[in-house]
Amino acid sequence: MRQRVSHKKQGKLERPRGTRDFLPEEMEKRRHVERIMRKIAESYGYREVCTPTFEHLELFTIKSGEQIVEEIYSFKDKGGRDLALRPELTAPVMRMFVNECSVMPRPLRFYYFANCFRYERPQKGRYREFWQFGVELIGSDEPESEAEVIALASRILDELGIDYELHVGHVGILRNVLRGVEDEISSKIFRLIDKGQLDELRELMLSSGLESLYNDVEAVIQAESLEDLPESAGKENVSRLKRVCELLDVYGVKYYVDTGVVRGLDYYTGIVFEVYAEGLGAQKQICGGGSYRLAHLFGGEDVPSTGFAIGFDRVMEICGLKPAEKRRVAVVHANQLEEAVKLAERLRRELPECVIVTDVMGRNLRKQLSHFSDFDFAVIVGKKEVEKGLYTLKDLKSGKQEELDFEELVNRLKSTRQGTQSI
RNA sequence: GCCCGGAUGGGGUAGAGGUUAUCCUCUGGGACUGUGGAUCCCAGGAGCCGGGUUCGAAUCCCGGUCCGGGCCCCA
């Protein structure tokens, strides 16, 4: 028995700002994309790790850049500890490495898929709770590790059918050009380069007495090939970038050399890369990464690492992939509830790839068929069938039906793919 | 944090101070207790929140919340 209670809405409780609910259809798409990412990362030897949703606030304030810290969801727990919801996963994974994995054979290949939290103004492709898929390759300082990580990111995006641009650079080049410049001014310079505000950049450098460096900075930002880089870029930096590019060619990755790539996080030390895609409004960047050294900040040795993070929600916005639909079978009955439930249980064991559903609303046969009319098949269980020990299989797309025993029924449901073919 | 634009049943909408808020869809029931999608009938369900103006507010004004676009920043 059902009763309708007419309740006046009294200030409906809403989702917190910047968070989302995901209905089944969307979750199926998200899980499908997630599975593809995992599968590819695993095929390169990366294994999943998971770190806590919250960490000590300090983990994120040590070396993540001023701006990130302002966007952290932080709080005191009941013991007075300063904690924070993770705004990203590179620092937690490196903390985990220092805590648990420092004596494991190198390199370590980890991947993660997890939600992160940032207190920001929500926009298209930007939420306060969002998901990142990323990898960290820990322990190698060789160009081949950088090429592998970049190639992996590129492979994943290819597999998802995304149209993107991959830009590869080296933060050491600009840093070398600007060596000797005060930290405060150089970070302003980096910010302007990141924003692409070249007029303001020129103004700042001239007013800071850095006119002698301006030409080199401009040359670095606008370099279209490694040959265009000035002497002050640093020989080692340039040859490293060149080597990574050669290896990317071996992988068959398409990329742009872009020595103006400046990552927001301060901990990057060498090769850096970003991936941009259209269709996301102001949030063009869907992936970013590079080489960094973080472990020593958490009390470990100074281990070189390379990683990337994909903005999962942004990828979902522009990825049209959908999982294959499962065949849906309704076991309906005419006053034979027990028999129908029994049959449904047997079918579920035989046909794990199918969706098998029975009525739980006490409906009569007509109502059941009406309710399940968008399914692929109905198996009808009634007195007639029970007496004969047979079942009626009805193809709901074509309307055709036939009487079968259990074995035949299973074979029919197995052999007809996706319910597109009629029996 | 800043600037714009929005918010009407579960979803999509109409209404531009004046009865009981429109239509579509949806959900439940019935016509029809062993054969669905059609049709018809019945039922259910809404003006984001809080103030103000007014005889009267979904409509006008103010504040807040949330959403969207942009800035800032960032993935």
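Put simply, the Cα atoms of segment A:73-115 extend 39, 21, 11 Å along their principal axes, the longest span coming first.
For chain A, the solvent-accessible area works out to 55 Å² per residue, with a probe of 1.4 Å and every protein chain left in place. Annotation: the antiparallel percentage among DSSP beta bridges lying fully within segment A:328-415 is about 45.
Pulled fully out, how much extra length does the chain show between A:LYS242 and A:LYS322, if you take 0.36 nm times their separation in residues and subtract their Cα-Cα distance? Intermediate results must be reported in sequence, preceding the final value.
Values: separation 80, 0.36 × 80 = 28.80 nm, distance 3.84 nm.
Stretched out fully, the A:LYS242 to A:LYS322 stretch lengthens by 25.0 nm.
Using Cα atoms only, what is the angle between the long axis of helix A:198-207 and the major principal axis of chain A, expressed in degrees (0 to 90) to the nearest 10? Helix A:198-207 sits at roughly 30 degrees to that axis. Using the Cα coordinates of chain A, the gyration tensor eigenvalues translate into equivalent-ellipsoid semi-axes of 55, 25, 21 Å, sorted from longest to shortest. State, as an integer percentage, the relative contact order of segment A:250-401 based on alpha-carbon contacts under 8 Å between residues 6 or more apart. Relative contact order comes out at 15 percent. Note on A:GLU184 and A:GLU350: their simple-model spin labels are 7.9 nm apart, each label 7 Å out from Cα toward Cβ. Placing dummy labels 7 Å off each Cα toward the beta-carbon, the span from A:GLU200 to A:TYR119 is 2.4 nm.
Each residue of segment A:183-192 was assigned a 3J(HN,Hα) from its phi angle through the Karplus curve 6.51 cos²θ - 1.76 cosθ + 1.60 (θ = phi - 60°); the sequence is 3, 4, 6, 5, 5, 5, 4, 4, 5, 5 Hz, with glycine and proline shown as x.
Assuming charge only on the beta carbon of Lys and Arg (+1) and of Asp and Glu (-1), the dipole of chain A about its Cα centre is about 2920 debye to the nearest 20.
Rounded to the nearest 500, the helix-only mean residue ellipticity at 222 nm of chain A stands at -11000 deg cm²/dmol, with each DSSP H run of n ≥ 4 adding -39,500 (n - 2.57).
Subtracting the Cα-Cα distance from 0.36 nm times the residue separation, let me have the gained length for A:GLU159 to A:LYS400 in nm, one decimal. Present the calculation step by step, with values, prior to reporting the outcome.
On the way: separation 241, 0.36 × 241 = 86.76 nm, distance 3.93 nm.
Computed gain between A:GLU159 and A:LYS400 is 82.8 nm.
Could you check how much of the accessible area of chain A is carbon and sulfur, as a whole percent, using a 1.4 Å probe?
On the way: 10830 of 23300 Å².
Carbon and sulfur atoms account for 46 percent of the accessible area of chain A.
Over chain A, what is the relative contact order in percent, taking alpha-carbon pairs closer than 8 angstrom and at least six residues apart?
Values: 689 pairs, mean separation 63.9, N = 423.
Result for chain A is 15 percent.
With each label modelled as a point 7 angstrom along the Cα→C-beta vector, the A:MET361-A:THR19 pair spans 3.1 nm.
The values are calculated or read from the model by the stated rules, or taken from the named source; none is laboratory data. None of these values were measured; they are calculated from a predicted model. Please note: Cβ atoms are built from the backbone with ideal geometry, for glycine as well, and neighbour counts cover all protein chains shown. Ligands, DNA and RNA are stripped out before the accessible areas are found, and what is left, the full protein with its side chains, is counted by its heavy atoms. Shrake-Rupley method; radii C 1.70, N 1.55, O 1.52, S 1.80 Å.
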